[in-house]
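First comes the structure, then the notes that go with it.
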Amino acid sequence: MNNGNFWGPLPVYILQDHRHRGGHLRVLAAILSCPQPHFPSLKTIAERSGHTPKYCSKMVSQLVAFGTLEREQRYRDTNVYKLVSYSECTPVVGSDSTTVVALKEPLKEKNKKSPPKQAGCVKFCSRYPRHRLGVQKKIAQYWRKNKLETVADKILRCLDEHNEGIEWRSDNGKWVPGAMKFLEQERWLLYTDVSLVEFEED
C-alpha cells in the first residue's frame with residue numbers, strides 16, 4: 001500500500017462541508033485524480049488514496065449518502081463517479097445551519113415584540129439602592145419561583161415610597177435592608193398594611 005500520491009483538485013465547497021473527514025477527502029481526491037468520466041475501480045482508488053479497498057468502499061458510500069458524490073453502479077464493469085455540482089450540493093451542505101437560522105429568525109422577531117416576562121424584576125433591581133441590592137441572579141430566581149410578577153406593581157410602589165422616605169435616605173442608606181431580605185420578609189405587604197391602618201385611624 002502506498003502513501004496516496006495521486007491527488008485531484010478538491011473544490012472549496014467540499015472542503016468547507018463539516019461532514020467530510022480526512023478519509024472522505026483522500027478518497028474523493030483519488031477519484032478526481034482519474035481522467036473524466038471518473039470510472040476507477042476500488043483497487044485503483046485504494047492505490048491512489050493509500051487506503052484499503054474496504055475502507056474506500058465505506059467512504060464512497062458515505063459520500064454518496066451526503067450527496068457529495070453520485071455513483072452509477074455498473075455490475076459488469078467499474079462504477080462511474082460524478083461529483084455533485086455546487087448548486088446541487090449547497091442545500092445539502094448548508095442544510096443544518098440554514099435550518100437553525102430559519103428557526104432563530106422568527107424567535108428574534110417574537111422576542112422583539114413581546115415584553116420581558118419579568119419586567120417587574122428588572123425594574124425592581126434598577127430602582128433598589130445599589131449598595132444593598134446583592135446578586136441580581138438570585139433575586140430573579142426568587143422572583144420567578146414565588147411568582148412576584150403578579151404583585152410587581154405593589155412591590156414597586158412600596159419601593160418608590162421607601163426610596164423617597166427619610167429612613168432609607170438617612171445615614172447614607174444605613175437602614176436600607178438587603179434586597180433579598182426585603183423580598184423574603186414581604187416588607188411591601190407590611191408597609192401596605194401599616195399604611196392602611198394609619199389611613200383608617202386618621
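The values are calculated or read from the model by the stated rules, or taken from the named source; none is laboratory data. Predicted model only: the values in this text are computed from it and were never measured. Here the Cβ positions follow ideal geometry from the backbone for every residue, glycine too, while neighbour counts run over all protein chains shown.
When region 139-152 is filtered for residues that are surrounded by 12 or more Cβ atoms within 10 Å (Cβ to Cβ) and of a type in the set (D, E, K, R), the ones remaining, listed by number, are R144, E149.
Any residue at all in region 92-105 that is modelled with pLDDT of 80 or more, out of contact with any Lys or Arg (no Cβ under 8 Å at 6 or more places or on another chain) and charged (D, E, K, R)? For region 92-105, residues modelled with pLDDT of 80 or more, out of contact with any Lys or Arg (no Cβ under 8 Å at 6 or more places or on another chain) and charged (D, E, K, R): absent. When region 38-52 is limited to residues that are of a type in the set (S, T, Y) and over 40 Å from the mean Cα position of the chain (by Cα), the one that is surrounded by the most Cβ atoms within 10 Å (Cβ to Cβ) turns out to be T44. Of all the numbered requirements in (1) at pLDDT below 90; (2) surrounded by 15 or more Cβ atoms within 10 Å (Cβ to Cβ), S170 misses one, and that requirement is (2). Only one of the listed residues (R26, R19, R74, R48) is assigned to a loop (DSSP other than H, G, I, E, B), modelled with pLDDT of 85 or more, out of contact with any His (no Cβ under 6 Å at 6 or more places or on another chain) and of a type in the set (D, E, K, R). That residue is R19.
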